[in-house]
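Scroll down for the structure; my scribbles are underneath it.
The values are calculated or read from the model by the stated rules, or taken from the named source; none is laboratory data. Because the structure is predicted, anything quoted here is derived from the model rather than measured. For neighbour counting, all protein chains shown are included, and Cβ atoms are generated from backbone atoms with ideal geometry for every residue, glycine included. Accessible surface areas use protein heavy atoms only, side chains included; no ligands, DNA or RNA. Shrake-Rupley method; radii C 1.70, N 1.55, O 1.52, S 1.80 Å.
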Amino acid sequence: MATGGGEKRAELLRRITEEGGFAFVASAEKAAAGDVRAAEAAREMAWEQLHSAPRDEVGAAWRDAYALACLHVAAPRGAGGGGDDDRRAALRALDMGLIMGGGLLRAELEDAIARVVADRRGGDCEAAAAAGDVERWKEGIAGDGDLADVLKLLPVKSLSRKKIERRSCIPLEAFIRDYFIREAPVILSGCIDHWPARTKWKDIKYLERIAGDRTIPVEVGKNYACTEWKQELITFSQFLERMWSSDSANLTYVAQHPLFDQIKELRGDITVPEYCSAGGGELQSINAWFGPHGTLTPLHHDLHHNLFAQVLGRKYFRLYPASVSVELYPQTETILSNTSQVDLDNFDETEFPKAADLEFMDGILEEGDLLYIPPKWWHYVRSLSISFSVSFWWRTSHLPSGSS
Ligand SMILES: O=C(O)CCC(=O)C(=O)O
Ligand SMILES: [Fe+2]
């Protein structure tokens, strides 16, 4: 398997030389000549550079260098004829390159992944999910509990509560007129019934077969605002295994991950809803939110318009308008400034008095529903079953730029 991108590679090595990475360049040259140990050494050196400074300060050259080294590590293992272990190791290296590496060699990484995947398809690739898992999976997606059960867990003043409006699939013009322009949330049902994902993802064996050996980033812990929270890189199969764990302190959540850029087969199972063209906007990202019963996303806001598709399972959403930001006590640390200090699960009225009487909207997103969340609207999300959702974020030209 060739690593491709000859000119890009030469240019990258020049950039790394300028950064003083002579040892990396020497190892990369040996790796290109088939030296596996040199490939691994180069990857190690780039990895160290990636972790030597905060993520946004690591130079693009070193990120691209990491991707190049991953291509070299995978090349001999991914070549046709290798065994399953080799293919898995190649996929892991290439996925790590996609997740942690820069964008320069993205196409080369994707091509290499497509070759390994196609090679595997030729062989016997029956999914490993046990028969019992198939049943458990169906039960897990169904979930139970209604709004009253959720509200018991969340102390609220019922006077300040409104239901999120619910409509069946409406024309784009009506969506723009009634919700988008007014920046009003709405749940739309029956708009994604045609997505292959609605049927295919109900089959755990399908997910396991398509994605089982792929490496993905997951979040582990009660929620991202907790101190014990961490991120890990595990295979999709390992993630599915953890779905059955009852250890709530180690809830494992694929959250806000661009899974569909990474695993192309899954991208084919969903479609960008027409509503995302409202405002002549530009799609910013499509993210997966996949996890067990009980995942919690604390109260926060994002800068984008969000159309949130509930593909499998059910989720409770609580929304507060953008206008009440001050009353929700945003965190003071810049990195978490879009997150509220108010913990809705353990609401402390004496500490956050202004938040006590605020009006909010809530509702349960059922399988097959879409939820429109206008920019900067605060949202709190809790899964009521195994849940797989997809968010479509877009922005219009008049909105502030930047990420969530
Ligand atoms: O589903 C979740 O847990 C959070 C979703 C969310 O915050 C978003 O789509 O912006
Ligand atoms: Fe969000």
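Within the stretch 262-296, being more than 16 Å from ligand 1 (Cβ to nearest atom) and in a helix (DSSP H, G or I) holds for GLN262, LYS264, GLU265, LEU266, ARG267, GLU274, SER277, ALA278, GLY279, GLY280.
Quick grid of which residues meet (1) open to solvent by 10 Å² or more (accessible area, probe 1.4 Å); (2) away from ligand 1 (no atom under 13 Å from the Cβ):
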site: ASN338; (1), (2): yes, no
site: GLN341; (1), (2): yes, yes
site: ASP345; (1), (2): yes, yes
site: GLU359; (1), (2): yes, yes
site: ARG382; (1), (2): yes, no
site: SER387; (1), (2): no, no
site: PHE392; (1), (2): no, no
site: THR396; (1), (2): no, yes
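Per the conditions (1) touching a residue at least 12 places away in the same chain (Cβ under 8 Å); (2) within 16 Å of ligand 2 (Cβ to nearest atom); (3) not acidic (Asp, Glu), the sole criterion not satisfied by PRO330 is (1). Checking each residue in the stretch 314-359 for being of a type in the set (A, V, I, L, M) and either in a strand (DSSP E or B) or within 28 Å of the chain's Cα centre (by Cα) (or both) picks out LEU319, ALA322, VAL324, LEU328, ILE335, LEU336, VAL342, LEU344. Among all positions in the stretch 230-237, there is at least one residue which is free of Cβ contacts under 8 Å to residues at least 40 places away in the same chain and of a type in the set (D, E, K, R).
Among the residues examined, PRO258 qualifies as surrounded by fewer than 18 Cβ atoms within 10 Å (Cβ to Cβ), modelled with pLDDT of 95 or more, within 16 Å of ligand 1 (Cβ to nearest atom) and not hydrophobic (A, V, I, L, M, F, W, C). Checked against (1) part of a strand (DSSP E or B); (2) within 23 Å of the chain's Cα centre (by Cα); (3) within 16 Å of ligand 2 (Cβ to nearest atom), VAL311 meets all criteria but (3).
Would you please name the residue that is farthest from PHE180 (Cα to Cα), looking only at residues in the stretch 297-306 that are assigned to a strand (DSSP E or B) and either free of Cβ contacts under 8 Å to residues at least 40 places away in the same chain or more than 9 Å from ligand 1 (Cβ to nearest atom) (or both)?
PRO298
Of the residues making up the stretch 300-335, those that are under 21 Å from GLU274 (Cα atoms) and among the polar types (S, T, N, Q) are ASN306, GLN310.
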